[in-house]
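Data block below; observations after.
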Amino acid sequence: MASEFQALLGDRGRVYAPKTLEELAEVAAGLSGAPPAIIAVHGGDGTLHRAVAALGRAFGEAPIPALALLGGGTMNVVGASLGIRERATTFVSAIIDSVANDRPLATVRRRCLRIGDTLGFIFGNGLMANFLGEYYGTGKYGPARATWLLLRGVGSALINGPFIHKLFKRFEGTIEVDGQLLERTTFIGVSAATVREVGLGFKLNHRADDDVERFGVLAIHGRPAALIPDFWAVHAGRGIAPKRAFSAVASTLKIVPRAASMAYTIDGDLYKGEGELTISVGPHISFVKPPAALIVAPRRDTMNATR
């Protein structure tokens, strides 16, 4: 793919294929010294998370250039949530053509999350981290594997089987949303996101679009079997019923686990941290829209034009 991209770009751009996080940091530092008009990222949500985190550290307070999401992962949740579903080479060709012909590129703007000392778009502990632990367990990834686990979980919930208890192992700790402490201290899972989807079209973080300058928060506390009626509501974007989950739009989220450590996920990557974790709004990211949505003269009060 790197060779194919470079052939398309010619002398208009450069392709980087870092093999380690250290190499990625070096690439990001180089780009911050001479920022390009657009940085295209080929890979899934984890790749995007690592790339944005490296760029955020390298650019500091300076704005990160517009990003073009070329997909390439197994799920591509962030891109799907933003309506960016274009074949990578088609997208790159369209960008090259627009820049060569001095046509502005329409973008969609989002905040990312600042999660501790890194950046991302989707955070989750409890159920979300437990599900991904099972998802990655066999080394086989993709929508089919995710669908199988989802259906297995529903079946186990109906018979109160052991798998659902493993998947829904509860998180215990305190949750503070914009300075307000939640009364409950036991949750199926806590999520924060600036995009709605979590995979397979399920819009678990249904309030992520309510305010693009903040992020959606979801703290699920209902019993596993009681959540089955919410299954299609979540897929349709209506969210989990308020009696089974707390939801809000926030600027800060503080999580203090009762245990010594906490497993969580950022954009599909699994982490284990110790002690308190604070999540806040991160820098703005402008995402280039796919070719079908390119606009010659976008309104500047609703979107940014990137050249």
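The values are calculated or read from the model by the stated rules, or taken from the named source; none is laboratory data. This structure is a prediction, so every number in the text was calculated from the model and none was measured. Cβ placement follows ideal geometry from the backbone for every residue including glycine, while neighbour counts extend to all protein chains displayed. Please note that ligands, DNA and RNA were not included when accessible areas were found on the heavy atoms of the full protein model with its side chains. Shrake-Rupley method; radii C 1.70, N 1.55, O 1.52, S 1.80 Å.
Things to note:
- Taken together, the criteria exclude Gly199 from residues that are modelled with pLDDT of 95 or more and closer than 30 Å to Pro65 by Cα.
- If only residues of segment 177-231 that are charged (D, E, K, R) and more than 27 Å from Arg109 (Cα to Cα) are counted, the one that is surrounded by the most Cβ atoms within 10 Å (Cβ to Cβ) is Asp230.
- All of (1) part of a helix (DSSP H, G or I); (2) closer than 20 Å to Ile255 by Cβ; (3) in contact (Cβ under 8 Å) with a residue 60 or more places away in the chain hold for Val190 with one exception: (1).
- Within segment 148-168, residues that are touching a residue at least 60 places away in the same chain (Cβ under 8 Å) reach partners that are outside any helix (DSSP H, G or I) with beta carbons closer than 7 Å, at six or more positions or on different chains, in the pairs Ala157/Pro224; Ile164/Pro224.
- Condition met for Ala129 (at pLDDT below 85 and in contact with a strand residue (DSSP E or B) (Cβ under 7 Å, 6 or more places away or on another chain)): no
- Helices (runs of 4 or more DSSP H) fully within segment 43-149 counting 2 or more residues that are among the aliphatic types (A, V, I, L, M) and closer than 18 Å to Thr194 by Cβ: 45-59, 77-81
- Every pair of residues 6+ apart whose Cβ atoms lie under 6 Å, when the first sits in segment 55-79 and is free of Cβ contacts under 8 Å to residues at least 60 places away in the same chain and among the polar types (S, T, N, Q) while the second is open to solvent by less than 20 Å² (accessible area, probe 1.4 Å) and not in a strand (DSSP E or B): Asn76/Gly44
- Residue that is farthest from the chain's Cα centre (by Cα), among those in segment 57-79 that are open to solvent by 40 Å² or more (accessible area, probe 1.4 Å) and hydrophobic (A, V, I, L, M, F, W, C): Ala62
- Residues located in segment 167-176, provided they are farther than 16 Å from Leu227 by Cα and open to solvent by 20 Å² or more (accessible area, probe 1.4 Å): Glu172, Thr174, Glu176
- First in segment 247-271 and without any contact (Cβ under 8 Å) to a residue 40 or more places away in the chain and of a type in the set (A, V, I, L, M), second anywhere and crowded, with 19+ Cβ neighbours inside 10 Å and not in a strand (DSSP E or B), Cβ under 9 Å, 6 or more apart: none
- Boolean, Ile228 is under 23 Å from the mean Cα position of the chain (by Cα) and either in contact (Cβ under 8 Å) with a residue 12 or more places away in the chain or under 23 Å from Ile266 (Cα atoms) (or both): no
- Strands (runs of 3 or more DSSP E) completely within segment 241-292 that count 2 or more residues being buried (at least 20 other Cβ atoms within 10 Å of the Cβ): 245-250, 252-257, 261-266, 277-288
So that you can scan it fast, the table gives a plain yes or no per residue for (1) over 27 Å from Glu213 (Cα atoms); (2) at pLDDT 85 or above; (3) among the aliphatic types (A, V, I, L, M):
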position: Gly142; (1), (2), (3): yes, no, no
position: Arg145; (1), (2), (3): yes, no, no
position: Leu158; (1), (2), (3): yes, no, yes
position: Gly179; (1), (2), (3): no, yes, no
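- Figure legend. Inter-residue proximity from segment 110-124: first residues farther than 19 Å from Leu82 by Cα and in contact (Cβ under 8 Å) with a residue 12 or more places away in the chain, second residues surrounded by fewer than 24 Cβ atoms within 10 Å (Cβ to Cβ) and of a type in the set (Ser, Thr, Tyr), beta-carbon distance below 8 Å, spacing 6+ or different chains. Indicated pairs: Arg114/Ser280; Gly116/Thr278.
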